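For reference, the structure is listed below as structure tokens.
Read the figures in this text as sums done on the coordinates, not as results from a lab. For clarity, every value in this text was computed on a predicted model and none was experimentally measured. For neighbour counting, all protein chains shown are included, and Cβ atoms are generated from backbone atoms with ideal geometry for every residue, glycine included.
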Amino acid sequence: MSRSILHRLPAGLKLTALAAAGSAVIWVSDWRVMVDLLLLVALAFPVARLGRGALVQQLRPLLPMLVVLFLAQGLMASWTEAALVIARIATLVLMAGLVTLTTRTEDLIATVERLLTPLAPLGVNPGKVSLAFSLALRFLPVIAEEAERVHEAQSARGLGNSPLALALPLIVRVLKSAEDIADAIEARSGHDDPDCPQEKPQRRARFNPLAALKTVKE
Amino acid sequence: MIRSSVGHMFPRLHGAAGSVSVPSLPAAPGIEIAEVSHRFGDTEVLRNVSVTLTERRIAIVGANGSGKSTFSRLLNGLLVPERGRVTVDGHDTANAAKAVRRKVGFVFQNPDNQIVFPTVAEDVAFGLKGQKLSADERAERVEEILARYGLEHLRDRPAHKLSGGQKQLLALAGVLITRPDYVVFDEPTTLLDLRNARMVGQVINTLAQTAIVVTHDLPLIEAFDRVLVFDQGRIIADDVPSKALSEYVRRMQ
């Protein structure tokens, strides 16, 4: 992927601009101005050397909700109000997409860490918060794939429509993975973690998700 | 045939990946496990295990539940034994975890649980976080390790879109970037197809570091220097592959 001017802008600047622009669009009350802004943000995609596919990908998951919202606003308020609300939501989504697609996660996380540093005296650990942020981004698609696998397995057993049959095995697998992921983070970064034990020994037991669920049930 | 702890049969190599400039204690190099016992709840998973690991290629085999995975987790301090002592080049895992983790990298069975950043290059760089390296040095190390394992064209690819073999290579690259002296693998080929399993096997066999591999994949370890066979928390055979594996296969029948 070739790097555009938007790619080269500092992550902190982009996040600040996103926060400012996101707040500003709330004050726009003319639907025509809002649609102009939407077109302007859409035009930023080719400037950022992102194809039409990237733009459509940002909006496609929201499309059913946008249609329902447009109809509801149009019927209950006015069609100009409906156009204003839809254009505003689409603008916000595209702006957020533009920032995430032109900024490396590493830079986003470093910026979040930097922004949180002043809160360290209040007990906030910026490193851990930014790691949690990164883990969420990394594991959302993994959990979605896992849910798909569980759904397939339960469908094969004739339980495809049971939410419980999907949720229970998925929760057990996610909890089990969480234990392994914690071990992996410890193994990969423990030597730089100030919480890493130097003098105090750790003798923890392996996590057993089935036992944990049993405890919850009791 | 059961063999007691052996001495320095093979000198440890420090190749392309180099060694870490960690001040070493004046102790014998190698990993020493002394009279280690460990239990999870009521189950005793390791029973008075004593062994010294100094060879370059060591395999650990055994039936499920025999204690081999628990044993592997002792080697870099992920687990500290209830009784006994584990030392890595003289550093006790119970009170020198930082030094131990610099020396011993760990590759988990499921790379999906080991890859913690969304894209390939970002995940590889994670191991360097907190090390006092400049941005340029960090980038150089990342590029070097990606190129070594043929991952450079995937650097910006989302990790969850990689194949099983590519994920396992990424997990290994993420460990090797910290330049450990030892790498412990927990069943590295279990989730892979034959081609990827062979590729990972080749990578393990060409590592400059000492490799300690927990596995059920017997062809992978045929050329290893030493094999430990675990059964019910004890080492029941400790020998060269031809002898140790025949004992293992005999017991599994």
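Key figures for this structure:
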quantity	calculated
Kyte-Doolittle mean at least 1.6 and Cα axial length at least 18 Å: DSSP H helices in chain A	A:31-47, A:63-76, A:79-101
Euclidean distance between Cα centres, segment B:56-91 to segment B:220-251, Å	16 Å
Furthest towards positive pole of dipole, A:Gln73, A:Ala17, A:Ile86, structure part segment A:5-103, Cβ charges	A:Ala17
Check: chain A dipole with +1 on Lys, Arg Cβ and -1 on Asp, Glu Cβ, in debye	240 debye
Per-residue [θ]222 nm for chain B (sum of -39500 (n - 2.57) over DSSP H runs n ≥ 4, rounded to 500)	-8500 deg cm²/dmol
Value at 222 nm in deg cm²/dmol, rounded to 500, when DSSP H runs of n ≥ 4 in chain A each add -39,500 (n - 2.57)	-24000 deg cm²/dmol
In nm, spacing of pseudo-spin labels at A:Val33 and B:Gln253 (7 Å Cα→C-beta vector)	8.6 nm
Cross-link pairs B:Lys98/B:Lys129; A:Lys176/B:Lys129; B:Lys68/B:Lys103; A:Lys128/B:Lys129; B:Lys129/B:Lys161; B:Lys68/B:Lys129 - those with Cα-Cα distance over 22 Å	A:Lys176/B:Lys129; B:Lys129/B:Lys161; B:Lys68/B:Lys129
Most mobile listed residue (A:Ala87, A:Ala110, A:Ala77) in chain A, GNM with C-alpha springs under 10 Å	A:Ala77
Within the protein assembly as shown: Cβ-based charge dipole about Cα centre, in debye rounded to nearest 20 (Lys, Arg +1; Asp, Glu -1)	160 debye
Neighbour-count ranking [beta-carbon atoms within 10 angstrom, fewest first] of B:Phe185, B:Phe126	B:Phe126, B:Phe185
Dipole magnitude of segment B:19-164 about its Cα centre (Cβ charges: Lys, Arg +1; Asp, Glu -1), debye to nearest 20	160 debye
Placed amide H near B:Arg226: partners under 5 Å, 5+ positions off or other chain	B:Arg57, B:Ala59
GNM top mover of B:Ser163, B:Ser134, B:Ser50 - chain B, alpha-carbon springs below 10 Å	B:Ser134
Order of B:Tyr248, B:Tyr149 under a 10 Å beta carbon neighbour criterion, fewest first	B:Tyr149, B:Tyr248
Residue with peak Gaussian network fluctuation, chain B [Cα springs, cutoff 10 Å], from B:Glu222, B:Glu44, B:Glu32	B:Glu44
Segment B:118-183: trypsin sites (Lys or Arg not before Pro) in DSSP coil with no more than 12 other Cβ atoms inside 10 Å	B:Lys132
A:Leu43-B:Glu140 FRET efficiency (beta carbon distance; Förster radius 30 Å; 0.05 resolution)	0.20
Fewest-first sequence of A:Glu186, B:Glu152 by Cβ atoms within 10 Å of each Cβ	B:Glu152, A:Glu186
